[in-house]
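*Asks:* Input: one structure, supplied below.
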Amino acid sequence: RHVYVNGDYLPETEARVSIFDRGFLFADGVYEVTLVLDGRLVDFSGHMARLRRSLGELDMPFSLAEEKLLEIHRELIERNQISEGLVYLQVTRGVADRDFNFPLKSTPNTVVLFTQKKSIVDSPLAARGQHVVTFDDLRWRRCDIKTVQLLYPSMAKMQAKAQGADDAWLVKDGFITEGSSSNAYIVTTDGTVVTRDLSTDILQGITREAVLLCAGSLQLRVEERPFTVEESENAAEAFSTSASGLVSPVVSINDKPIGAGKPGSITAHLRQLYLERKRASAI
Ligand code: PLP
């Protein structure tokens with residue numbers, strides 16, 4: 001597999017990043033994961049807009065133009081023959097002697113990209129539906145910034161798996177924020193799609209934005225508001241969204257079946273419309 005590191009395309013075994021990289025020592029970096037369908041990028045400009053936002057919120061200088069980033073994404077897709085999968089992009093504040101103070105603004109970023117060849121559309125989890133369990137949301141209070149500081153979501157996911165579930169949904173003050181690496185939704189018994197409103201409590205999902213547009217096109221009522229674990233347990237359907245999971249049904253929460261305990265039909269319609277639109281608009 002070829003990867004990209006600071007201007008070079010290299011076999012992954014030859015790629016090197018300094019142990020003094022701020023991403024390594026301080027998790028001082030941001031990332032994006034972009035879906036590839038049919039060898040083309042889904043919502044590329046949305047991901048790059050969010051990257052700029054994350055960088056801005058962290059006061060991290062970065063000068064690579066979007067056209068250059070597109071060229072690198074495409075080059076890796078080509079070299080690694082990715083027809084379906086993901087492209088991972090990480091930007092850190094660069095290499096500096098270990099110090100809590102940020103280095104000079106002129107410090108070059110570390111920019112790394114790699115691909116993951118993956119079957120995304122035909123995932124078994126999407127067919128059978130996910131079992132989720134809830135955990136206290138112990139992340140920092142700027143979940144709107146897509147930083148590489150992912151230890152807590154990773155721990156929550158591991159604990160969910162240890163309990164025989166597929167994923168963790170996180171709960172803050174009694175209300176669900178989002179999944180460990182996805183946005184969270186319920187469909188109420190009257191057919192309303194509910195997902196938490198945007199704030200610093202959740203990541204502004206690129207898939208979320210697209211799926212809410214799909215919901216509008218399907219004439220579904222949408223409410224962006226906090227919802228409780230209890231409301232989720234009593235919902236007709238539930239699902240999560242992310243670039244890597246698309247629209248993914250959730251069939252139980254804390255061992256309580258949601259609706260019929262099977263992937264729901266509104267979820268299936270949203271997944272289908274989302275895929276249709278994204279296959280058509282990928283670049
Ligand atoms: N929320 C969190 C915490 C995530 O890590 C992710 C994706 O990785 C998402 C939501 C979904 O975002 P997107 O749809 O842009 O992949």
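*Asks:* From the residues in the stretch 170-196 that are of a type in the set (S, T, N, Q) and free of Cβ contacts under 8 Å to residues at least 40 places away in the same chain, which one is farthest from the ligand (Cβ to nearest atom)?
*Replies:* Looking at the filtered set, the residue picked out is Thr192.
*Asks:* Same structure, new question: In the set Ser232, Ser242, which member is among the small types (Gly, Ala, Ser) and open to solvent by 10 Å² or more (accessible area, probe 1.4 Å)?
*Replies:* One residue alone meets the criteria, Ser242.
*Asks:* Please go through the stretch 154-205 and pick out each residue that is closer than 21 Å to Tyr274 by Cα and either surrounded by fewer than 19 Cβ atoms within 10 Å (Cβ to Cβ) or outside the structural domain of Glu223 (by TED's automatic domain parsing) (or both).
*Replies:* Within the stretch 154-205, Thr188, Gly191, Thr192, Asp197, Leu198, Gln204 qualify.
*Asks:* Which residues, counting only those in the stretch 105-153, are aliphatic (A, V, I, L, M), open to solvent by 50 Å² or more (accessible area, probe 1.4 Å) and either part of a helix (DSSP H, G or I) or not assigned by TED's automatic domain parsing to the domain that holds Ser248 (or both)?
*Replies:* Scanning the stretch 105-153 gives Leu125, Ala127, Leu151.
*Asks:* Scanning for something in the same structural domain as Val148 (by TED's automatic domain parsing), out of contact with any Leu (no Cβ under 6 Å at 6 or more places or on another chain) and more than 16 Å from the ligand (Cβ to nearest atom), does the stretch 239-247 turn up at least one residue?
*Replies:* no
*Asks:* Tell me which residues, restricted to the stretch 9-28, are assigned to a helix (DSSP H, G or I), more than 25 Å from Arg74 (Cα to Cα) and touching a Gly at 6+ places or on another chain (Cβ under 9 Å).
*Replies:* In the first step, residues of the stretch 9-28 are kept if they are assigned to a helix (DSSP H, G or I); the result is 12-14, 22-26.
Add one more test, that the residue is more than 25 Å from Arg74 (Cα to Cα), and what stays is 22, 24-26.
Within the stretch 9-28, just Arg22 meets the criteria.
The values are calculated or read from the model by the stated rules, or taken from the named source; none is laboratory data. Source: prediction; values computed, not measured. Here the Cβ is made from the backbone with ideal geometry for all residues, glycine too, and neighbour counts use every protein chain on show. The protein model used for the area step is the full one, side chains on, heavy atoms only, and it has no ligands, DNA or RNA in it. Shrake-Rupley method; radii C 1.70, N 1.55, O 1.52, S 1.80 Å.
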